[in-house]
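Here the structure comes first, spelled out in C-alpha coordinates, and everything after it is commentary.
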Amino acid sequence: MFAEIITIGDEILIGQIVDTNSAWLAEQLNTAGIHVRQISSVADTAEAIITALGEAAGRADLIFVTGGLGPTKDDVTKQALATYFGCGLRRDADVLAHVEAIFSRTQRPMLDINRKQADVLTGSTVLFNDLGTAPGMWQDYRNKTYIIMPGVPFEMKHIMLERVLPRLGRLDGRVPRWHHTLLTGGLGESFLAEKIADIERALPPHIHLAYLPKPGLVRLRLTATGADLGALQQETQQIANTLKSRIGDYFLGDGEATLESLILTAMQTAGYHFSTAESCTGGDIARRITAIPGSSRAFEGGAVTYSNALKMQLLGVNKETLALHGAVSEKTVQEMAAGARINFRTDYAVAVSGIAGPDGGTSEKPVGLVWIAVAGKQQVITREYRFGNDRLVNIERAGTAALLLLRQLLFAENPALR
(Lines give C-alpha, C1' and ligand atoms only; values in the text may rest on other atoms or scores of the structure.)
Protein backbone atom coordinates (compact mmCIF):
# COMPACT_ATOMS: atom_id res chain seq x y z
CA MET A 1 0.00 0.00 0.00
CA PHE A 2 1.46 3.33 -1.11
CA ALA A 3 0.79 6.83 0.17
CA GLU A 4 1.53 10.33 -1.01
CA ILE A 5 1.66 13.48 1.10
CA ILE A 6 0.67 16.88 -0.28
CA THR A 7 1.26 20.02 1.77
CA ILE A 8 -0.49 23.17 0.65
CA GLY A 9 0.77 26.69 1.31
CA ASP A 10 2.73 29.50 -0.31
CA GLU A 11 4.51 30.00 3.02
CA ILE A 12 6.27 26.68 2.50
CA LEU A 13 7.27 27.42 -1.08
CA ILE A 14 8.81 30.80 -0.24
CA GLY A 15 10.71 29.36 2.72
CA GLN A 16 8.76 31.26 5.36
CA ILE A 17 8.11 28.05 7.30
CA VAL A 18 9.62 24.58 7.20
CA ASP A 19 7.32 21.67 6.35
CA THR A 20 7.65 19.50 9.46
CA ASN A 21 4.23 17.92 8.93
CA SER A 22 5.37 15.70 6.08
CA ALA A 23 8.32 14.26 7.99
CA TRP A 24 6.10 13.44 10.97
CA LEU A 25 3.37 11.96 8.79
CA ALA A 26 5.88 9.82 6.89
CA GLU A 27 7.20 8.45 10.17
CA GLN A 28 3.71 7.53 11.35
CA LEU A 29 2.78 5.90 8.05
CA ASN A 30 6.00 3.93 7.91
CA THR A 31 5.31 2.54 11.37
CA ALA A 32 1.82 1.57 10.20
CA GLY A 33 3.24 -0.44 7.29
CA ILE A 34 2.26 2.13 4.66
CA HIS A 35 5.02 3.19 2.28
CA VAL A 36 5.26 6.85 1.29
CA ARG A 37 6.02 7.12 -2.41
CA GLN A 38 6.24 10.89 -2.76
CA ILE A 39 5.94 14.15 -0.82
CA SER A 40 4.93 17.36 -2.60
CA SER A 41 4.36 21.00 -1.65
CA VAL A 42 2.02 23.08 -3.79
CA ALA A 43 0.82 26.67 -3.95
CA ASP A 44 -2.44 28.04 -2.57
CA THR A 45 -4.20 27.93 -5.94
CA ALA A 46 -7.04 25.68 -7.03
CA GLU A 47 -5.20 24.75 -10.23
CA ALA A 48 -2.06 23.63 -8.37
CA ILE A 49 -4.07 21.64 -5.82
CA ILE A 50 -6.24 19.87 -8.40
CA THR A 51 -3.20 18.99 -10.52
CA ALA A 52 -1.35 17.61 -7.50
CA LEU A 53 -4.34 15.49 -6.47
CA GLY A 54 -4.68 13.98 -9.92
CA GLU A 55 -0.98 13.17 -10.19
CA ALA A 56 -0.94 11.65 -6.70
CA ALA A 57 -3.88 9.41 -7.54
CA GLY A 58 -1.79 7.88 -10.32
CA ARG A 59 0.94 6.89 -7.87
CA ALA A 60 -0.64 6.14 -4.51
CA ASP A 61 -3.56 4.44 -2.80
CA LEU A 62 -3.75 6.94 0.06
CA ILE A 63 -3.35 10.68 -0.45
CA PHE A 64 -2.76 12.84 2.62
CA VAL A 65 -3.43 16.56 2.28
CA THR A 66 -2.52 19.18 4.89
CA GLY A 67 -3.01 22.94 4.90
CA GLY A 68 -5.29 25.54 3.44
CA LEU A 69 -8.38 24.77 5.54
CA GLY A 70 -8.61 28.15 7.23
CA PRO A 71 -11.53 30.61 6.86
CA THR A 72 -9.74 33.35 4.89
CA LYS A 73 -9.78 33.92 1.13
CA ASP A 74 -6.25 32.58 0.62
CA ASP A 75 -7.32 29.18 1.99
CA VAL A 76 -8.80 27.57 -1.12
CA THR A 77 -8.28 23.87 -0.36
CA LYS A 78 -11.90 22.95 0.35
CA GLN A 79 -13.23 24.59 -2.80
CA ALA A 80 -10.48 22.97 -4.87
CA LEU A 81 -11.29 19.59 -3.35
CA ALA A 82 -14.98 20.03 -4.06
CA THR A 83 -14.15 20.76 -7.71
CA TYR A 84 -11.82 17.76 -7.93
CA PHE A 85 -14.33 15.35 -6.37
CA GLY A 86 -17.26 16.87 -8.23
CA CYS A 87 -19.22 17.43 -5.02
CA GLY A 88 -20.52 20.27 -2.90
CA LEU A 89 -20.01 21.41 0.66
CA ARG A 90 -22.36 20.89 3.59
CA ARG A 91 -22.36 22.55 6.98
CA ASP A 92 -21.83 19.94 9.70
CA ALA A 93 -23.94 20.62 12.80
CA ASP A 94 -21.53 18.99 15.25
CA VAL A 95 -18.54 20.89 13.91
CA LEU A 96 -20.50 24.15 13.96
CA ALA A 97 -21.48 23.60 17.60
CA HIS A 98 -17.82 22.95 18.42
CA VAL A 99 -16.68 26.14 16.66
CA GLU A 100 -19.36 28.18 18.43
CA ALA A 101 -18.32 26.74 21.78
CA ILE A 102 -14.71 27.78 21.17
CA PHE A 103 -15.70 31.37 20.40
CA SER A 104 -18.07 31.49 23.34
CA ARG A 105 -15.42 30.16 25.72
CA THR A 106 -12.85 32.72 24.56
CA GLN A 107 -15.47 35.50 24.53
CA ARG A 108 -14.72 36.46 20.95
CA PRO A 109 -17.33 37.58 18.42
CA MET A 110 -18.10 34.91 15.83
CA LEU A 111 -18.31 36.07 12.22
CA ASP A 112 -19.96 34.34 9.31
CA ILE A 113 -16.51 33.55 7.94
CA ASN A 114 -15.85 31.53 11.08
CA ARG A 115 -19.01 29.49 10.57
CA LYS A 116 -17.58 28.38 7.22
CA GLN A 117 -15.08 26.31 9.18
CA ALA A 118 -17.94 23.84 9.68
CA ASP A 119 -18.32 23.32 5.92
CA VAL A 120 -17.14 19.87 4.85
CA LEU A 121 -17.17 17.90 1.61
CA THR A 122 -20.49 16.26 0.81
CA GLY A 123 -20.09 12.52 1.26
CA SER A 124 -16.95 12.77 3.36
CA THR A 125 -16.49 11.39 6.87
CA VAL A 126 -15.65 14.16 9.33
CA LEU A 127 -12.39 13.75 11.25
CA PHE A 128 -13.27 15.79 14.32
CA ASN A 129 -10.71 18.36 15.46
CA ASP A 130 -10.92 18.71 19.24
CA LEU A 131 -8.09 21.25 19.32
CA GLY A 132 -9.16 23.71 16.63
CA THR A 133 -11.92 24.92 14.35
CA ALA A 134 -10.92 23.23 11.07
CA PRO A 135 -12.08 19.59 10.89
CA GLY A 136 -10.34 16.92 8.89
CA MET A 137 -12.12 14.87 6.23
CA TRP A 138 -11.87 11.29 4.96
CA GLN A 139 -13.00 10.98 1.33
CA ASP A 140 -13.10 7.83 -0.80
CA TYR A 141 -13.07 8.60 -4.51
CA ARG A 142 -12.45 6.33 -7.51
CA ASN A 143 -10.85 3.56 -5.44
CA LYS A 144 -8.49 6.02 -3.73
CA THR A 145 -8.67 7.36 -0.19
CA TYR A 146 -8.01 11.03 0.56
CA ILE A 147 -7.28 12.17 4.12
CA ILE A 148 -7.53 15.95 4.44
CA MET A 149 -6.25 17.65 7.60
CA PRO A 150 -5.42 21.19 8.77
CA GLY A 151 -1.85 22.40 8.45
CA VAL A 152 -1.42 23.56 12.07
CA PRO A 153 1.01 20.89 13.31
CA PHE A 154 -0.51 20.13 16.72
CA GLU A 155 -4.03 19.95 15.25
CA MET A 156 -2.90 17.72 12.39
CA LYS A 157 -1.05 15.38 14.75
CA HIS A 158 -4.07 15.09 17.03
CA ILE A 159 -6.38 14.18 14.15
CA MET A 160 -3.86 11.73 12.74
CA LEU A 161 -3.31 9.96 16.05
CA GLU A 162 -6.89 9.96 17.27
CA ARG A 163 -8.95 9.68 14.08
CA VAL A 164 -6.84 8.48 11.15
CA LEU A 165 -4.37 5.86 12.42
CA PRO A 166 -7.11 3.68 14.00
CA ARG A 167 -8.90 3.58 10.62
CA LEU A 168 -5.69 2.90 8.72
CA GLY A 169 -5.04 -0.05 11.00
CA ARG A 170 -8.15 -1.74 9.63
CA LEU A 171 -7.08 -1.45 5.98
CA ASP A 172 -5.75 -4.40 4.01
CA GLY A 173 -2.58 -4.26 1.95
CA ARG A 174 -0.18 -2.96 4.55
CA VAL A 175 3.32 -4.52 4.33
CA PRO A 176 5.58 -4.61 7.41
CA ARG A 177 8.73 -2.52 7.16
CA TRP A 178 11.44 -2.37 9.80
CA HIS A 179 14.26 0.14 10.26
CA HIS A 180 17.44 -0.32 12.25
CA THR A 181 19.76 2.70 12.47
CA LEU A 182 23.33 3.05 13.63
CA LEU A 183 25.11 6.31 14.40
CA THR A 184 28.76 6.66 13.42
CA GLY A 185 31.16 9.53 13.96
CA GLY A 186 34.64 10.62 12.96
CA LEU A 187 34.69 8.80 9.60
CA GLY A 188 33.54 10.44 6.37
CA GLU A 189 30.73 8.97 4.29
CA SER A 190 32.96 7.78 1.44
CA PHE A 191 35.49 6.16 3.78
CA LEU A 192 32.69 4.52 5.73
CA ALA A 193 31.11 3.21 2.51
CA GLU A 194 34.43 1.73 1.43
CA LYS A 195 34.94 0.12 4.84
CA ILE A 196 31.61 -1.74 4.70
CA ALA A 197 31.29 -2.18 0.92
CA ASP A 198 31.36 -5.97 0.98
CA ILE A 199 28.67 -6.11 3.69
CA GLU A 200 26.46 -3.79 1.65
CA ARG A 201 26.95 -5.84 -1.52
CA ALA A 202 25.89 -9.00 0.33
CA LEU A 203 22.57 -7.56 1.53
CA PRO A 204 19.48 -9.50 0.37
CA PRO A 205 17.12 -7.72 -2.07
CA HIS A 206 14.53 -6.94 0.62
CA ILE A 207 17.03 -5.05 2.81
CA HIS A 208 18.38 -1.64 1.81
CA LEU A 209 21.19 0.39 3.39
CA ALA A 210 21.03 4.20 3.35
CA TYR A 211 23.67 6.74 4.35
CA LEU A 212 22.40 9.84 6.18
CA PRO A 213 25.38 12.19 6.62
CA LYS A 214 25.72 15.44 8.50
CA PRO A 215 28.89 17.30 9.50
CA GLY A 216 31.12 14.89 11.42
CA LEU A 217 28.49 12.14 11.65
CA VAL A 218 26.90 9.51 9.42
CA ARG A 219 23.77 7.61 10.36
CA LEU A 220 23.32 4.24 8.66
CA ARG A 221 19.75 3.04 8.18
CA LEU A 222 18.87 -0.54 7.36
CA THR A 223 15.36 -0.86 5.92
CA ALA A 224 13.81 -4.32 5.63
CA THR A 225 10.49 -5.09 3.93
CA GLY A 226 8.62 -8.40 4.13
CA ALA A 227 5.67 -10.33 5.48
CA ASP A 228 7.09 -11.36 8.87
CA LEU A 229 7.99 -8.40 11.10
CA GLY A 230 9.70 -10.59 13.70
CA ALA A 231 11.92 -12.18 11.08
CA LEU A 232 12.81 -8.74 9.68
CA GLN A 233 13.83 -7.49 13.12
CA GLN A 234 16.03 -10.52 13.72
CA GLU A 235 17.65 -10.33 10.31
CA THR A 236 18.43 -6.61 10.50
CA GLN A 237 19.85 -7.04 14.00
CA GLN A 238 22.30 -9.64 12.72
CA ILE A 239 23.40 -7.34 9.90
CA ALA A 240 23.69 -4.42 12.34
CA ASN A 241 25.95 -6.50 14.59
CA THR A 242 28.19 -7.26 11.61
CA LEU A 243 28.34 -3.57 10.72
CA LYS A 244 29.20 -2.59 14.29
CA SER A 245 32.04 -5.07 14.39
CA ARG A 246 33.47 -3.74 11.13
CA ILE A 247 33.03 -0.05 12.02
CA GLY A 248 34.68 -0.50 15.42
CA ASP A 249 35.38 2.64 17.43
CA TYR A 250 33.57 4.80 14.87
CA PHE A 251 30.27 3.24 15.96
CA LEU A 252 28.52 5.49 18.50
CA GLY A 253 25.08 4.02 19.17
CA ASP A 254 21.90 2.39 17.90
CA GLY A 255 18.57 3.93 17.04
CA GLU A 256 17.77 7.62 16.90
CA ALA A 257 20.07 8.58 19.79
CA THR A 258 22.22 11.66 19.21
CA LEU A 259 25.89 12.12 20.03
CA GLU A 260 24.93 14.51 22.83
CA SER A 261 22.43 12.13 24.40
CA LEU A 262 24.92 9.25 24.28
CA ILE A 263 27.51 11.34 26.09
CA LEU A 264 24.98 12.45 28.69
CA THR A 265 23.96 8.83 29.32
CA ALA A 266 27.57 7.74 29.76
CA MET A 267 28.30 10.65 32.11
CA GLN A 268 25.22 9.90 34.20
CA THR A 269 26.10 6.20 34.35
CA ALA A 270 29.53 7.05 35.73
CA GLY A 271 28.20 9.77 38.04
CA TYR A 272 30.34 12.42 36.32
CA HIS A 273 29.68 16.05 35.51
CA PHE A 274 31.14 18.09 32.67
CA SER A 275 31.33 21.67 31.43
CA THR A 276 32.18 23.65 28.30
CA ALA A 277 34.39 26.59 27.40
CA GLU A 278 33.52 27.95 23.96
CA SER A 279 34.90 30.67 21.77
CA CYS A 280 34.20 30.27 18.03
CA THR A 281 31.18 28.00 18.60
CA GLY A 282 29.48 30.74 20.63
CA GLY A 283 27.65 28.42 23.03
CA ASP A 284 26.37 26.04 20.35
CA ILE A 285 27.78 23.00 22.15
CA ALA A 286 25.98 23.92 25.36
CA ARG A 287 22.80 24.53 23.34
CA ARG A 288 22.96 21.07 21.83
CA ILE A 289 23.43 19.49 25.23
CA THR A 290 20.77 21.45 27.11
CA ALA A 291 18.20 20.75 24.37
CA ILE A 292 18.00 17.24 25.87
CA PRO A 293 15.62 16.81 28.83
CA GLY A 294 17.44 15.83 32.00
CA SER A 295 20.81 17.17 30.83
CA SER A 296 21.29 18.96 34.16
CA ARG A 297 21.99 15.61 35.79
CA ALA A 298 25.41 15.61 34.13
CA PHE A 299 25.99 19.01 32.55
CA GLU A 300 26.94 21.82 34.91
CA GLY A 301 27.08 24.59 32.31
CA GLY A 302 29.75 26.52 30.51
CA ALA A 303 31.19 29.85 29.43
CA VAL A 304 31.30 31.61 26.08
CA THR A 305 34.66 33.33 26.30
CA TYR A 306 34.83 35.13 23.00
CA SER A 307 37.32 37.75 24.13
CA ASN A 308 40.80 37.23 25.52
CA ALA A 309 39.78 39.16 28.61
CA LEU A 310 37.09 36.62 29.49
CA LYS A 311 39.40 33.72 28.69
CA MET A 312 41.70 35.07 31.36
CA GLN A 313 39.00 36.15 33.82
CA LEU A 314 36.70 33.12 33.74
CA LEU A 315 39.03 30.31 32.72
CA GLY A 316 42.40 31.39 34.06
CA VAL A 317 44.18 31.44 30.68
CA ASN A 318 47.58 33.06 31.13
CA LYS A 319 48.14 36.45 29.54
CA GLU A 320 51.55 35.26 28.35
CA THR A 321 49.98 32.29 26.58
CA LEU A 322 47.65 34.53 24.61
CA ALA A 323 50.44 36.98 23.76
CA LEU A 324 52.84 34.27 22.63
CA HIS A 325 50.51 31.76 20.95
CA GLY A 326 47.26 33.64 20.29
CA ALA A 327 43.67 32.74 21.14
CA VAL A 328 43.50 30.06 18.44
CA SER A 329 46.26 27.73 19.55
CA GLU A 330 46.91 24.40 21.21
CA LYS A 331 48.27 25.98 24.38
CA THR A 332 45.29 28.32 24.79
CA VAL A 333 42.62 25.61 24.45
CA GLN A 334 44.57 23.40 26.86
CA GLU A 335 44.39 26.15 29.46
CA MET A 336 40.74 26.88 28.63
CA ALA A 337 39.74 23.24 29.19
CA ALA A 338 41.80 22.85 32.33
CA GLY A 339 40.49 26.14 33.69
CA ALA A 340 36.86 25.23 33.01
CA ARG A 341 37.29 21.87 34.75
CA ILE A 342 38.85 23.50 37.83
CA ASN A 343 36.74 26.66 38.04
CA PHE A 344 33.43 24.93 37.28
CA ARG A 345 34.34 21.95 39.49
CA THR A 346 33.53 19.26 36.97
CA ASP A 347 35.09 15.90 36.14
CA TYR A 348 35.47 16.75 32.45
CA ALA A 349 35.57 19.93 30.38
CA VAL A 350 35.77 20.58 26.67
CA ALA A 351 37.12 23.78 25.11
CA VAL A 352 36.99 25.16 21.57
CA SER A 353 38.75 28.10 19.94
CA GLY A 354 38.99 28.77 16.23
CA ILE A 355 38.32 31.01 13.25
CA ALA A 356 34.77 30.34 12.07
CA GLY A 357 34.91 32.88 9.23
CA PRO A 358 34.08 34.16 6.79
CA ASP A 359 36.88 36.61 7.63
CA GLY A 360 39.53 36.88 10.34
CA GLY A 361 41.90 34.31 8.89
CA THR A 362 45.57 34.70 8.00
CA SER A 363 48.01 32.63 5.97
CA GLU A 364 49.28 31.12 9.22
CA LYS A 365 45.82 30.67 10.78
CA PRO A 366 43.25 30.39 7.99
CA VAL A 367 39.48 30.43 8.25
CA GLY A 368 38.34 26.99 9.38
CA LEU A 369 41.24 26.41 11.77
CA VAL A 370 39.90 25.11 15.09
CA TRP A 371 41.70 23.85 18.18
CA ILE A 372 39.81 21.63 20.62
CA ALA A 373 40.89 20.37 24.03
CA VAL A 374 39.30 18.06 26.58
CA ALA A 375 40.39 18.00 30.21
CA GLY A 376 39.69 14.73 31.99
CA LYS A 377 40.40 13.19 35.34
CA GLN A 378 43.87 12.06 34.27
CA GLN A 379 44.98 14.15 31.29
CA VAL A 380 44.26 16.91 28.79
CA ILE A 381 44.13 16.01 25.09
CA THR A 382 44.05 18.41 22.14
CA ARG A 383 43.38 18.20 18.43
CA GLU A 384 43.80 20.59 15.51
CA TYR A 385 41.11 20.67 12.79
CA ARG A 386 41.01 22.36 9.40
CA PHE A 387 37.47 22.88 8.22
CA GLY A 388 36.16 25.02 5.32
CA ASN A 389 35.05 28.60 4.75
CA ASP A 390 31.38 28.36 5.73
CA ARG A 391 30.82 29.90 9.16
CA LEU A 392 27.73 27.92 10.18
CA VAL A 393 29.14 24.64 8.93
CA ASN A 394 32.39 25.31 10.78
CA ILE A 395 30.49 25.93 14.00
CA GLU A 396 28.53 22.70 13.61
CA ARG A 397 31.61 20.66 12.66
CA ALA A 398 33.59 22.10 15.56
CA GLY A 399 30.84 21.25 18.02
CA THR A 400 30.59 17.69 16.77
CA ALA A 401 34.36 17.26 16.79
CA ALA A 402 34.48 18.57 20.37
CA LEU A 403 31.83 16.13 21.55
CA LEU A 404 33.54 13.23 19.77
CA LEU A 405 36.84 14.14 21.46
CA LEU A 406 35.07 14.37 24.83
CA ARG A 407 33.58 10.92 24.27
CA GLN A 408 36.98 9.54 23.25
CA LEU A 409 38.69 10.66 26.46
CA LEU A 410 35.73 9.65 28.63
CA PHE A 411 35.86 6.07 27.29
CA ALA A 412 39.66 5.95 27.34
CA GLU A 413 39.68 6.81 31.04
CA ASN A 414 36.63 4.66 31.80
CA PRO A 415 36.69 1.52 29.58
CA ALA A 416 33.77 -0.01 31.48
CA LEU A 417 31.45 2.64 29.97
CA ARG A 418 31.86 1.28 26.42
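The values are calculated or read from the model by the stated rules, or taken from the named source; none is laboratory data. Quantities reported herein were computed from a predicted structural model and do not represent experimental measurements. Ideal geometry is used to build each Cβ from the backbone, glycine not excepted, and the neighbour counts take in all protein chains shown. Accessible surface is based on the protein model in full, side chains and every heavy atom, while ligands, DNA and RNA are left aside. Shrake-Rupley method; radii C 1.70, N 1.55, O 1.52, S 1.80 Å.
With a 1.4 Å probe and every protein chain left in place, work out the accessible area per residue of segment 1-114 in Å², rounded to a whole number.
The answer is 49 Å² per residue.
Between the listed residues 106, 131, 121, the Cα displaced farthest toward the positive end of the dipole of segment 67-153, a dipole computed from Cβ unit charges relative to the Cα centre, is found at 121. Residues in segment 220-237 carry Karplus couplings, in order, of 9, 10, 8, 10, 10, 10, x, 8, 10, 4, x, 5, 5, 4, 5, 5, 5, 5 Hz; the curve used is 6.51 cos²θ - 1.76 cosθ + 1.60 with θ = phi - 60°, and Gly or Pro positions show x.
Looking at segment 63-162, which trypsin sites (Lys or Arg not before Pro) are DSSP coil and have at most 15 other C-beta atoms within 10 Å of their C-beta? Walk me through the intermediate numbers first.
Numbers: sites: 73, 78, 90, 91, 105, 115, 116, 142, 144, 157; in loops: 73, 142.
Within segment 63-162, the qualifying trypsin sites (Lys or Arg not before Pro) (loop, at most 15 other Cβ atoms within 10 Å) are 73, 142.
Were the residues from residue 47 through residue 89 laid out at 0.36 nm apart, the gain over their Cα-Cα distance would be 13.3 nm.
Heavy atoms only, probe 1.4 Å: what % of the accessible area of the chain goes to carbon and sulfur, would you let me know? Could you put the intermediate results ahead of the total?
Numbers: 10140 of 19780 Å².
Exposed carbon and sulfur together represent 51 percent of the surface.
Matching the structure-derived Rg and Dmax of the Cα atoms in Å against the labelled list [x] 20.2, 60; [y] 27.0, 80; [z] 22.0, 64 gives the label [y]. Under the simplified labelling scheme, the residue 379-residue 290 pair shows an inter-label distance of 3.2 nm, with each label point 7 Å from Cα along Cα→Cβ.
Helical runs (DSSP H, four residues minimum) scored at -39500 (n - 2.57) apiece and divided by the length of the chain put the mean residue ellipticity at 222 nm at -11500 deg cm²/dmol. Among beta bridges from DSSP that stay inside the chain, the antiparallel ones total about 60%. Annotation note: GluC sites (Glu not before Pro) in segment 356-410 located in DSSP loop regions with a Cβ neighbour count of at most 10 within 10 Å are 364.
On a 23 Å Cα-Cα criterion, which of the cross-link pairs 244/377; 73/116; 195/377; 331/365; 195/365 come out too long? The partial results should precede the final answer.
Numbers: 244/377 29 Å; 73/116 11 Å; 195/377 34 Å; 331/365 15 Å; 195/365 33 Å.
244/377; 195/377; 195/365, as the Cα separations exceed 23 Å there.
What is the distance in Å between the Cα centroid of segment 104-134 and that of segment 1-63? Cα centroid of segment 104-134 versus Cα centroid of segment 1-63: 23 Å apart. Here's the picture: a label point sits 7 Å out from the Cα of residue 30 along the beta-carbon direction, and within segment 127-160 the residues with their amide nitrogen under 20 Å of it are 157-158, 160.
Using C-alpha pairs below 8 Å separated by at least 6 residues, the relative contact order for segment 1-110 is 30 percent.
Where only protein heavy atoms count, and the probe is 1.4 Å, what is the accessible area per residue for segment 228-368 in Å²?
47 Å²
Extension gain for residue 249-residue 206 works out to 12.6 nm (0.36 nm per residue, less the C-alpha to C-alpha distance).
When you filter the trypsin sites (Lys or Arg not before Pro) in segment 336-392 for DSSP loop state and at most 14 other Cβ atoms inside 10 Å of their Cβ, you are left with 345, 377. Counting only Cβ charges, +1 for Lys and Arg and -1 for Asp and Glu, the dipole size of segment 230-324 around its Cα centre is about 180 debye. For segment 196-252 versus segment 346-418, the spacing of their alpha-carbon centroids is 29 Å. The overall shape of segment 107-191, judged from the alpha-carbon gyration tensor, is oblate: a/c is not under 1.5, and a/b is no greater than b/c. Each label was represented as a point 7 Å from its Cα along the Cα-to-Cβ direction; for residue 167 and residue 313 these points are 6.2 nm apart.
Extension gain for residue 323-residue 107 works out to 71.2 nm (0.36 nm per residue, less the C-alpha to C-alpha distance). Each residue of segment 25-41 was assigned a 3J(HN,Hα) from its phi angle through the Karplus expression (A = 6.51, B = -1.76, C = 1.60, θ = phi - 60°), giving 4, 4, 5, 5, 5, 4, 4, 7, x, 10, 8, 7, 8, 7, 10, 10, 10 Hz with x at Gly and Pro.
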